[in-house]
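Heads up: the structure comes next, in structure tokens.
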Amino acid sequence: MKRSDFLKSLGLGSTGLLLPKGLVQDKPIKVYDNYVKGLHHYQFNKVSEVMKEGDELLLKRDIANAYDSFAIEVYWNEHKLGYLPAYENIVLANMLDAGVQLHSFVSNINPEGFQNLQGLAVEVYAHLVLPGAKLIENSLSAKRADDVVDIYRKGY
């Protein structure tokens with residue numbers, strides 16, 4: 001899925017939670033954007049000519065990594081490209097471990113730049129669920145639950 005398709009398709013229906021329209025809104029929040037490390041050790045050279053900005057990437061935790069307990073691998077299709085830098089992966093690793101759904105995309109690609117550690121940049125988005133206008137304007141937001149008049153509380 002391309003980044004633009006992802007941003008257009010945001011919605012709670014994809015998470016299995018269906019709520020009436022307008023009660024909540026799902027907003028993508030960019031939580032990370034930086035270069036992938038270790039490109040020359042993996043398969044970046046094999047796929048760099050066919051990758052393009054906006055392509056979806058997959059982040060996988062590498063819990064058994066002997067060098068970095070918070071290691072996060074970066075994949076394009078089935079091709080391992082490298083890792084997120086160890087000095088800034090702790091929060092994302094904790095989010096992945098907690099089951100937070102993250103979406104990652106190629107934000108910059110420069111096949112010639114992989115020797116100077118700037119060949120591929122990845123941007124990562126998390127979802128922020130906010131109350132929608134209908135939920136905010138609902139009478140329940142201004143009253144205690146026992147003070148709201150509805151069929152249940154009227155005793156029908």
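Bear in mind that the values in this text are calculations on the coordinates, not laboratory data. All values reported here derive from a predicted model rather than from experimental measurement. Here Cβ is always computed from backbone atoms with ideal geometry, including for glycine, and neighbour counts include all displayed protein chains.
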How far is the Cα center of segment 22-85 from the Cα center of segment 97-113, in Å? 4
Stretch gain in nm, segment Gln43-Asn65, where the contour uses 0.36 nm per residue and the Cα spacing is subtracted: 6.1 nm
I'd like the Karplus ³J(HN,Hα) series for segment 93-106: coefficients 6.51, -1.76, 1.60, θ = phi - 60°, whole numbers in Hz, and an x wherever there's a Gly or Pro. 4, 5, 5, 4, 4, 7, x, 5, 7, 10, 10, 10, 9, 5
Label point at Ile29 placed 7 Å out along Cα→Cβ; residues across segment 78-99 whose backbone nitrogen lies under 20 Å: 88-99
